[in-house]
Every structure is written in C-alpha cells, then in structure tokens.
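Peer 1: Here you go, one structure.
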Amino acid sequence: MRTMGRHEQREQVFRLLFQVEFHRPEEMPRQMRLFVEDNEVVDSQKAADEIESRCQSIREKIPEIDKLIDDNTERWDTTRMGKVELAVLRLAVYEMCYDDDIPVGVAIDEAVEFAKNYGQENSGGFVNAILAKIAKL
C-alpha cells in the first residue's frame with residue numbers, strides 16, 4: 001500500500017478546514033478526529049496525526065491569516081467569501097507565510113486547483129488573484 005502523498009494530505013487538510021466554518025471552535029478537536037477516522041483516504045495513524053496537527057496549526061493562525069486576506073482583497077472580505085474559497089485561501093496563506101518547506105508557487109498552484117475542483121466557476125481566478133497579491137508582499 002502506498003503512503004499518502006503531500007497533495008492528498010493537503011487536500012484532506014483543506015477538506016477539514018472547510019468544516020471549521022460549520023462548527024464551534026470547541027467542537028473542532030472531535031470533528032477532526034471523526035474526519036480522519038471515517039476517511040478511507042487517510043491510510044495511516046501518522047497521516048491522520050499530520051493532518052490534524054496541520055489543521056490545528058492553521059486554525060490557531062486564522063485571525064492573522066484572515067487579516068492578510070482582507071488586506072489584499074478589494075470589495076471582498078473573509079465574511080463575504082464562499083466557504084470553499086475561504087478554506088483554500090487559509091490553507092495557501094498559511095503555507096506561504098508559515099511553512100518554509102512549501103514553495104510559494106506550489107502553495108498557489110495547489111490552492112487554485114482546489115478552488116477549481118471544489119469551488120464555483122470563477123473560484124480559481126479569484127483565489128489566484130488574492131494569492132498573487134500576497135506573494136508580492
């Protein structure tokens with residue numbers, strides 16, 4: 001059995017981050033556990049732990065991440081964005097600003113791909129435009 005790659009792991013973190021908007025903060029540890037336990041894509045305890053840890057790290061930075069997103073959008077803010085786009089942006093901004101192991105270009109490319117796959121018709125361009133502005137900072 002092959003181990004979960006970075007792309008698959010990132011996608012699971014995105015899907016878990018998406019749930020943040022639907023649960024109270026105190027519910028999220030339980031929701032994270034349920035997500036990885038019921039997820040056949042998560043192939044090991046190590047992968048489950050990494051996904052939970054990454055999601056928790058991002059959740060702790062949401063105020064800073066959301067401010068950065070808000071500061072780099074025109075006529076939009078995180079309270080008006082679609083939940084898919086918001087989760088994608090939070091993950092990408094975290095990777096761009098707080099994870100030195102992930103090249104900025106990879107974070108942006110993956111975010112645009114997730115936005116296209118999970119979001120609305122224009123989500124890829126919307127996400128790309130915001131992340132391009134943030135990348136120039």
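The values are calculated or read from the model by the stated rules, or taken from the named source; none is laboratory data. Computed from a predicted model, the values in this text were never measured in an experiment. All Cβ positions, glycine included, derive from the backbone under ideal geometry; neighbour counts span all protein chains shown. Heads up: the accessible areas ignore ligands, DNA and RNA and are worked out on the full protein's heavy atoms, side chains in. Shrake-Rupley method; radii C 1.70, N 1.55, O 1.52, S 1.80 Å.
Peer 1: What nm value, rounded to one decimal, do you get for the distance between E27 and K67 when each label is placed 7 Å out toward the C-beta?
Peer 2: Those two pseudo-labels are separated by 2.8 nm.
Peer 1: Separate question: About its Cα centre, what dipole magnitude does the chain give when the only charges are +1 on Lys and Arg Cβ and -1 on Asp and Glu Cβ, stated in debye to the nearest 20?
Peer 2: 220 debye
Peer 1: Tell me the label-point distance for the pair Q45, I102, using the 7 Å Cα-to-Cβ offset, in nm and rounded to one decimal.
Peer 2: 2.6 nm
Peer 1: Evaluate the charge dipole of the range 1-75 about its Cα centre and quote only its size in Debye, nearest 20, assuming +1 on the Cβ of each Lys and Arg and -1 on the Cβ of each Asp and Glu.
Peer 2: Value, rounded to 20: 140 debye.
Peer 1: Write out the trypsin sites (Lys or Arg not before Pro) in the range 94-137 meeting two conditions: DSSP loop, and at most 15 other Cβ atoms within 10 Å of their Cβ.
Peer 2: Taking the range 94-137 and a limit of 15 other Cβ atoms within 10 Å, the loop trypsin sites (Lys or Arg not before Pro) found are K136.
Peer 1: Given the range 1-54, what whole percent of its Cα pairs are spread farther than 13 Å?
Peer 2: In whole percent, the share of Cα-Cα pairs in the range 1-54 beyond 13 Å is 54.
Peer 1: Calculate, axis by axis, the spread of Cα positions in the chain along the three principal axes, and write the results as whole Å, longest axis first.
Peer 2: Between the extreme Cα coordinates on each principal axis of the chain lie 43, 32, 29 Å.
Peer 1: Ignoring ligands, DNA and RNA, please state the percent of accessible area on the chain from carbon and sulfur, probe 1.4 Å.
Peer 2: 47 percent
Peer 1: May I pose another question? With a 1.4 Å probe and all protein chains left in place, how much accessible area per residue does the chain have, in Å²?
Peer 2: On a per-residue basis, the chain sits at 57 Å².
Peer 1: From the Cα trace of the range 97-137, what convex hull volume per residue do you get, rounded to a whole Å³?
Peer 2: Enclosed volume per residue, from the Cα hull, is 61 Å³.
Peer 1: How far apart, in nm, are the 7 Å Cα→Cβ label points at R75 and S53?
Peer 2: With each label placed 7 Å out from Cα toward Cβ, I get 4.4 nm.
Peer 1: Another question, if that's okay. Specify which residue in the list W76, L16, I108 is farthest towards the positive end of the charge dipole of the chain, using unit charges on the beta carbon of Lys, Arg (+1) and Asp, Glu (-1), about the Cα centre.
Peer 2: Positive-end residue among those listed: W76.
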